[in-house]
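The values are calculated or read from the model by the stated rules, or taken from the named source; none is laboratory data. Quantities reported herein were computed from a predicted structural model and do not represent experimental measurements. For neighbour counting, all protein chains shown are included, and Cβ atoms are generated from backbone atoms with ideal geometry for every residue, glycine included. For the accessible areas, the whole protein counts, side chains as well, though only heavy atoms, and no ligand, DNA or RNA atoms are used. Shrake-Rupley method; radii C 1.70, N 1.55, O 1.52, S 1.80 Å.
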Amino acid sequence: MNKKMIEVKNLCKDYHIVKKEEGLKGAVKGLFKSEKKTIEAVRHLDFTVDKGEIVGFIGPNGAGKSTTIKMMSGILTPSSGEILINGVDITKHRKEVVQNIGVVFGQRTQLNWDLRLGESFELLRHIYQIDRNEYEETLDVMDEILDIRKIIDKPVRQMSLGQRVKGDLVAAMLHSPDVLFLDEPTIGLDVSSKYALRKFIKEINKVKQTTVILTTHDLGDIEELCERLIIINHGKMMEDGNLVDIVDRIAPYKTLVVQYYDHENIPVHHSCEMIKTEGNMAWYRFMKADITAAALISELSEKKKILDVSIEEAGIDDIIRIAYGQ
Amino acid sequence: MKLKGLSKYLYVYKTQIIRCFTYKFEVYGNILMQSIIMITSAFFWRALYRTGNPVAGVDVEGMLTYIIISAMMSVLLITNVERRIENSVQKGTIAMDMMKPLNIFGIYLVEDLGSITALVFQNLLPIFLVGSLLVKVPTICSTEHIPLFAISMLMSFFINWLIAALFGMWSFTAVNVDALIQVKKHLIRLLSGSIIPMWFFPDWFRNILEALPFVYIYQLPLDIYIGKSSGDELAGMMMIQFVWLIILLIAFAYVARRATKKVLVQGG
């Protein structure tokens, strides 16, 4: 157990882009002389992921998530730093290492538009040298969750987005890789497709001990799948740790929502902050360390008669908002 | 192990053939175009040769064979690698090629070979039939020249492919290389002897052409086919063809290694 699957050491990626100047004058000038601008997309990332972990890789748009995923899957070459997948450097041994990696980009497909889905699978079966029996077995397992055999004879061109992403997910898992990278896999999907996808990811993680790294903007994905979060912004590591720990540290409060019988003289309490009132409702934010919910309720009920209460935990959206610096 | 690696590419090749046969109608335009070029230039050469004198040792029959074989060769020399690279870079789908345990240029090469295989049936044979029926049956000058033609044609294929790949790789830095690809296409059309054999040009111009790689794509295999060139002269030309192949191979290997490091995936 606790075998290191992915090791990222001091990873950096710079892009050089041509700076475009304003207006016609700038455009003409650009024909003769172009100024290059360097963008530091990823700066000194360090982390390790153990076998069987599901890690949520989150950050705002343009934070460098996709760039990092593309470097880890051998598509982009890092400017500096090292990426080891199962102990092997992917930059130096791309072809060998990618044999052990599956990748799904929610916004792109590796399936062939012109051919039946099965034809794309058959091509992958040969590219990854998968034995026919093993291939059929894998397909059976995936069919249980994703119902893939139903669409296997359909040309990819005619598929709905949900079907296509399912197809891509199966395509990425056909060769039973140890590591699965998912770049916004649930983007644009409906609720039932999302549900099937998450179920699938959980299942392969449990059964095959597949290490999963996913980027997403979907809170549901994170809540249901990820035990660990890596939050990056401006190419730099902001947070790395257990989801629960991060929540406790960044947002160590809960909110008590109290409904009184009427809206007059709504009481305040010294160890918590009343964040808003609305009619006969009041929201109290309290630190877990300062007071317990039970004590707060009983003390408030002494001041005014309470009709109903509920407690809101700090959600992942709060964490993300705080971590993104808003 | 090596053989196992090859079987992967073999399947990419096979898939490409299946793909090409799924769009049936797109390829027939080329038959029409090549037939028109073939027939109109047959009229043209017949008119020019009316006096009956051979030019540079080639008579009218040789010239007619030349244009039919040239049209057929043009099918074998269709490349898509430059557009394939350009498209992949522009749309970012190059990520899909890079994440596979294959060499991306290996993929592009066998894809082109697959397309050509499909085109042999969809294009080359129809052009051969049209030429044979409406112009003449293009027979080779002597059976001894068959292996020489085959070797030269093979080298010509790779010279042509490597030039296309090199132009395509420009898109790793320049992204939009449409115009460059057009320039390349016309350079090959005009300077390779595919339409006008270079023996019609003045000496100084011919000397320039012989120093460029283009004539080794069309002119040399065609000369071998119609028996224009033989003996020491032919051996010398084939040596130069081989040297060009090696030069382009080295250039390709160098550029390919640098270009793949430059991959910039657009969007996402």
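With the checklist (1) exposed (fewer than 14 other Cβ atoms within 10 Å of the Cβ); (2) away from chain A (no Cβ under 14 Å); (3) more than 24 Å from residue B:145 (Cα to Cα) in hand, flag the one item residue B:252 doesn't pass.
Residue B:252 satisfies all of (1) exposed (fewer than 14 other Cβ atoms within 10 Å of the Cβ); (2) away from chain A (no Cβ under 14 Å); (3) more than 24 Å from residue B:145 (Cα to Cα) except (1).
Do we find a residue being under 21 Å from the mean Cα position of the chain (by Cα) and at the interface with chain B (Cβ under 7 Å from one of its Cβ atoms) anywhere in the range A:109-126? Explain how you work it out, then say what you get.
Going residue by residue through the range A:109-126, those that are under 21 Å from the mean Cα position of the chain (by Cα) are A:109-110.
Checking which are at the interface with chain B (Cβ under 7 Å from one of its Cβ atoms) leaves us with A:110.
The answer is yes; a qualifying residue exists.
What is the number of the single condition among (1) surrounded by fewer than 24 Cβ atoms within 10 Å (Cβ to Cβ); (2) more than 16 Å from the chain's Cα centre (by Cα); (3) facing chain B (nearest Cβ under 10 Å); (4) in a loop (DSSP other than H, G, I, E, B) that residue A:96 does not meet?
Every condition holds for residue A:96 apart from (4).
Could you go through the range A:146-159 and let me know if any residue there is under 26 Å from residue A:95 (Cα atoms), acidic (Asp, Glu) and either surrounded by fewer than 20 Cβ atoms within 10 Å (Cβ to Cβ) or within 14 Å of another protein chain (Cβ to nearest Cβ) (or both).
No, because not a single residue in the range A:146-159 is under 26 Å from residue A:95 (Cα atoms), acidic (Asp, Glu) and either surrounded by fewer than 20 Cβ atoms within 10 Å (Cβ to Cβ) or within 14 Å of another protein chain (Cβ to nearest Cβ) (or both).
Residues B:127, B:140, B:107, B:151: which one is in contact (Cβ under 8 Å) with a residue 40 or more places away in the chain, among the aliphatic types (A, V, I, L, M) and within 14 Å of chain A (Cβ to nearest Cβ)?
B:107
Give the number of residues within the range B:73-104 that are open to solvent by less than 20 Å² (accessible area, probe 1.4 Å), away from chain A (no Cβ under 14 Å), aliphatic (A, V, I, L, M) and in a helix (DSSP H, G or I).
4
Somewhere in the range A:244-258, is a residue touching a Pro at 6+ places or on another chain (Cβ under 8 Å), within 18 Å of residue A:48 (Cα to Cα) and surrounded by 15 or more Cβ atoms within 10 Å (Cβ to Cβ)? Let's see the steps before the verdict.
First, pick out the residues of the range A:244-258 that are touching a Pro at 6+ places or on another chain (Cβ under 8 Å): none.
No, the conditions are met nowhere in the range A:244-258.
Condition check ((1) assigned to a loop (DSSP other than H, G, I, E, B); (2) within 12 Å of chain A (Cβ to nearest Cβ); (3) open to solvent by 80 Å² or more (accessible area, probe 1.4 Å)) across all residues:
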| position | (1), (2), (3) |
| --- | --- |
| B:7 | no, yes, no |
| B:16 | no, yes, no |
| B:33 | no, no, yes |
| B:40 | no, no, no |
| B:45 | no, no, no |
| B:50 | no, no, yes |
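Out of all the residues in the range B:140-171, which are of a type in the set (Phe, Trp, Tyr), open to solvent by 20 Å² or more (accessible area, probe 1.4 Å) and farther than 22 Å from residue B:128 by Cα?
Residues satisfying the conditions are B:158, B:167, B:170.
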